[in-house]
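Student: Can you read through this structure? Questions will come right after.
No lab work stands behind these numbers, since they all come straight from the coordinates. The structure displayed is predicted, hence computed values, not measured ones. Glycine also receives a Cβ, built like all others from the backbone with ideal geometry; neighbour counts cover every protein chain displayed.
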Amino acid sequence: MTTKEAARMYEAQHVAEHAGKKLAVFNPGDKPIEDLPVIYGFNNGGESGWMHAVLIAEDGTPLGSHACSSEAYMPADLGCLEGTRPDRHETFKEHYPSGYRMEFVGYSAVRSHDGLMTAFKAYESSTGDRHDETN
């Protein structure tokens with residue numbers, strides 16, 4: 001088990017390592033970026049040390065999840081940033097072979113994010129399930 005100070009130092013190192021990285025884009029057809037479908041990574045809540053990071057395509061398809069100790073780790077752990085999680089991008093490319101762009105939505109913005117709310121509605125329409133977007 002790490003101490004709180006060690007955990008803070010590790011998180012600070014992680015944030016510094018990923019500072020300045022752009023959001024990942026896969027664009028084999030060289031389309032205008034704004035025309036590419038979005039894959040949203042978002043913080044679906046939880047508690048410090050055990051947070052639920054989730055991926056959903058704008059068409060409502062769930063594309064993965066991850067347990068994180070802090071929201072600061074989520075963009076990289078989900079593959080939202082350039083050069084992170086190539087394994088996840090293989091799944092993303094299968095879903096959107098013509099291209100996609102990533103976006104990360106922090107917990108405080110989830111309920112007010114129009115694109116993410118549209119993705120939740122698309123999920124509900126395709127499954128008949130009611131999705132509670134945050135815990």
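Student: In vacuo Debye scattering of the range 22-127, one point per C-alpha: log10 I(q)/I(0) at q = 0.11, 0.12, 0.18, 0.20 Å⁻¹?
Tutor: The computed values of log10 I(q)/I(0) come out as -0.31, -0.37, -0.83, -1.02.
Student: Using the basic label-point model (7 angstrom from Cα toward the beta carbon), what is the residue 22 to residue 121 distance in nanometres?
Tutor: Spacing of the two 7 Å Cα→Cβ label points: 3.1 nm.
Student: Also, quick follow-up: Using a basic spin-label model with each label point 7 Å from the Cα along Cα→Cβ, how many nm lie between residue 72 and residue 13?
Tutor: 1.2
Student: A further question follows. Using only the alpha-carbon atoms, how far is helix 4-18 inclined from the longest principal axis of the chain? Give it as 0 to 90 degrees, nearest 10.
Tutor: Relative to the chain, helix 4-18 is tipped by roughly 40 degrees.
Student: What is the gain in length, in nm to one decimal, between residue 35 and residue 91 on full extension, counting 0.36 nm per residue of separation less the C-alpha to C-alpha distance? Don't skip to the end; give the middle numbers.
Tutor: Details: separation 56, 0.36 × 56 = 20.16 nm, distance 2.01 nm.
So the chain would gain 18.2 nm between residue 35 and residue 91.
Student: Sticking with this structure for a sec: Quick check for me: using +1 on Lys/Arg Cβ and -1 on Asp/Glu Cβ, what's the dipole size of the chain about its Cα centre, in debye to the nearest 20? Mind showing how you got there, number by number?
Tutor: Details: 12 positive and 21 negative charges, 40 e Å.
Once rounded to the nearest 20, the dipole reads 200 debye.
Student: So if we plug the beta-carbon distance of residue 129 and residue 48 into 1/(1 + (r/R0)^6) with R0 = 30 Å, what FRET efficiency do we get, rounded to 0.05?
Tutor: Details: r = 28 Å, r/R0 = 0.94.
Once the sixth-power term is evaluated, E becomes 0.60.
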